[in-house]
Amino acid sequence: MAEQLDPKELVSFKELLMANSIQIDAAVQLLIEKGFFTEAEYFLKLKKVQGQYRRSQTIHLKTHDDVTKIESHMTRRKRSI
C-alpha cells in the first residue's frame, strides 16, 4: 500500500522549479568565478545544448528569448558580486 505523504512537506512544482533554478545559477556562477570556464563559453554551450534539445524534441523551450533573459540575469548578478 502507498505511503501517505505529509501535506506540510510537499512543495509545489513552481517552488521545486525555482529551487532548482537557484541551485544551477549558483553552481554556474561559482564555476565561472573559479575560472573553470568563462561566461561566454557557458552561454555558447547553453545555446548548443538548447538546440540539441529542440532538435530531439525532448523538451519544449519557449523561445530564444529564454536564453536572452538568462544572459541578462547572469550579467546583472555578476555585476552585483
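The values are calculated or read from the model by the stated rules, or taken from the named source; none is laboratory data. Owing to the predicted nature of the structure, the values given are computational and were not obtained by experimental measurement. Because the Cβ atoms are built from the backbone with ideal geometry, glycine has one as well, and the counts that use them run over all protein chains shown.
Quick notes on this structure:
- Members of the range 1-23 found to be part of a helix (DSSP H, G or I) and among the acidic types (Asp, Glu), listed by number: 9, 15
- Of all residue pairs spaced 6 or more apart or on separate chains, those with beta-carbon atoms under 6 Å, a first member in the range 20-39 that is touching a residue at least 12 places away in the same chain (Cβ under 8 Å) and a second member that is surrounded by 10 or more Cβ atoms within 10 Å (Cβ to Cβ) and of a type in the set (D, E, K, R) are 32/39.
- Leading residue by the ranking (modelled with the highest pLDDT) among those in the range 44-67 that are surrounded by 11 or more Cβ atoms within 10 Å (Cβ to Cβ) and under 16 Å from residue 21 (Cβ atoms): 46
- The residues of the range 1-26 that are within 12 Å of the chain's Cα centre (by Cα), small (Gly, Ala, Ser) and more than 15 Å from residue 75 (Cα to Cα), listed by number, are 19, 21.
- Members of the range 4-40 that are among the acidic types (Asp, Glu), under 18 Å from residue 70 (Cβ atoms) and exposed (fewer than 12 other Cβ atoms within 10 Å of the Cβ): 33
- Filtered residues of the range 33-50 (kept if in contact with a helix residue (DSSP H, G or I) (Cβ under 8 Å, 6 or more places away or on another chain), over 18 Å from residue 76 (Cα atoms) and of a type in the set (Phe, Trp, Tyr)): 37
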